[in-house]
Each structure stands twice: as structure tokens, then as C-alpha cells.
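Take a look at the structure below.
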Amino acid sequence: MIQNNVSVRKAIQTDVDAIMALIAEVVPVMQQQGNFQWAADYPNAQIFTTDIQHERLWVAVYDEQVVGVIAICEGQEPEYAQITDWDVTEPAIVAHRLAVSPHMQGKGIAAALLHQCEVVAAERNVGLVRLDTNSVNRPMQNLFLKIGYNLGGEILLPKRPGLTFLAFEKRLNLS
């Protein structure tokens, strides 16, 4: 298992080219699987640059190569209010733009990046992590469930009309 040989660190500006190369590998695979959550316009270099400037982008590195990426943000998406029993005013860490190289999938990299969400949450004394994925992205949904996330419900995102997303949450024991 490769996970132990992967390091997760904050992304820096010089990582953007490697991140975009990773995204160029990931998007066609997603689309071949019927997942049109991402396209040529999203995510893009400007979004990742902004994430880096706000110190909310993390990369997984294996053998000196960027093999995964995740944005770890504070503040919930307003669309999460579509889930009636979720309080979107509650402090939460929210994961966005999680991607792993197709050559490295199934090796614990996504789990390592999601674990970093919990590390950041604990550092900020935030006991809740939330995230969402396209409703057709079964591998990601299975991973979320496997590592302790609970399905909250289905949401729609105005930025991706015609697609449905499943939102998940994990409550952390910070004591």
C-alpha cells in the first residue's frame, strides 16, 4: 500500500502546473465514467492559484510528484441548506476539488487527503467536515462511507445545472 509513502502538504504556486497536469488526466477518466462534474473550464489554474493564496489547497506527493489535490475550506456551501436537517450556519470544514491521479487511485491517496481535512478541522477546533460529489461518482461515495462519513442527502448546484450531487458529513470527536 502506497499511502504510507505519500506526504500531504500545503500547495505552493509552483505546484499549479503539476496540479493542472493532474486535472488533465482526471477529467477525461471522470467523463468516461459518466461523471461530468468537471469540464474544461473547471477546475482551472486561477481557482487553484486563489486556493493557494488563501492557504487552503493541499497536495499529496509521492516520489516527488503531485499525485492528488484537495481544497480545504471553511464555511459551508449555501446549497447545503437543501438538506433540511443540516445547519449551514454551524462551523464546518468543507472539502472541494479532490482529485487523485488515475494511476494512483485505490492506493489510499484520497483517504490521506480527506484525513488532512480532519487535521485542519481539529487545529481550528471545528468538529464537522462536509463535502459533496456527483451522484454518479460511486467510488468516491464508497470511500466517504468507508472512512466514516454519513450521507446527508441530495443537492443541486447552480454552477452545474442538470447534475445532482450527494452531500456527506463527518462529525469529529475533538475531546
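The values are calculated or read from the model by the stated rules, or taken from the named source; none is laboratory data. The shown structure was predicted, so the numbers you read here are calculated from the model rather than taken from an experiment. Cβ placement follows ideal geometry from the backbone for every residue including glycine, while neighbour counts extend to all protein chains displayed. Each accessible area value is taken on the protein alone, full model and side chains, heavy atoms only, with ligands, DNA and RNA left out. Shrake-Rupley method; radii C 1.70, N 1.55, O 1.52, S 1.80 Å.
Accessible area, 1.4 Å probe, largest first: how do 101, 135, 7, 175 sort? Mind dumping the intermediate values first?
Values: 101 10, 135 30, 7 60, 175 135 Å².
Ranked list, largest accessible area first: 175, 7, 135, 101.
On a full-extension model of 0.36 nm per residue, what is the gain between residue 89 and residue 29, subtracting their alpha-carbon distance, rounded to one decimal in nm?
So the extension gain works out to 18.1 nm.
Quote the accessible area belonging to residue 85 in square angstrom, nearest 10, computed with a 1.4 Å probe and with ligands, DNA and RNA left uncounted.
120
So if each residue of separation counts as 0.36 nm, and I subtract the Cα-Cα distance between residue 21 and residue 63, what length gain in nm does that give? Can you show the working numbers first?
Working: separation 42, 0.36 × 42 = 15.12 nm, distance 1.61 nm.
This chain segment gains 13.5 nm when fully extended.
If R₀ is 45 angstrom, what is the calculated FRET efficiency for the pair residue 45 and residue 175, using the beta carbon separation as r and rounding to 0.05? Display every interim value, and only then the final one.
Working: r = 41 Å, r/R0 = 0.91.
Efficiency at R0 = 45 Å is approximately 0.65.
Expressed as a whole percentage, what fraction of the accessible surface of the range 57-109 belongs to carbon and sulfur atoms when a 1.4 Å probe is rolled over the protein heavy atoms? Working shown, then result.
Values: 1040 of 2380 Å².
The computed percentage sits at 44.
Assuming R0 = 22 Å, what is the FRET efficiency of residue 12 and residue 122, from their Cβ-Cβ distance, to the nearest 0.05?
0.40
What do you reckon, how do 103, 96, 115 stack up by accessible area (1.4 Å probe), largest on top?
From most exposed to least exposed: 103, 115, 96.
Tell me, what is the per residue accessible area of the chain in Å², probe radius 1.4 Å?
Using a 1.4 Å probe on heavy atoms only, each residue of the chain averages 51 Å².
Under a 1.4 angstrom probe, counting protein chains only, how are 123, 55, 79 ranked by accessible area, largest first?
Largest accessible area first, the list is 123, 55, 79.
At 20 °C and 1.002 mPa s, grab the translational diffusion coefficient of the range 10-120 from Stokes-Einstein with a Kirkwood Rh over Cα pairs, rounded to a whole number in µm² per second.
After rounding, the answer is 145 µm²/s.
Any idea how many Lys pairs in the chain come in under 24 angstrom at the alpha carbon, given 8 or more places apart or on separate chains?
For the chain, the number of qualifying lysine pairs is 5.
Helix-only mean residue ellipticity at 222 nm, the chain, DSSP H runs n ≥ 4 weighted -39,500 (n - 2.57), per residue, nearest 500. What is it?
Values: 4 runs with 50 residues, N = 175.
Value at 222 nm, helices only: -9000 deg cm²/dmol.
To the nearest 20 debye, what charge dipole does the chain have about its Cα centre, counting +1 at the Cβ of each Lys and Arg and -1 at the Cβ of each Asp and Glu?
Working: 13 positive and 19 negative charges, 66 e Å.
Magnitude of the dipole: close to 320 debye.
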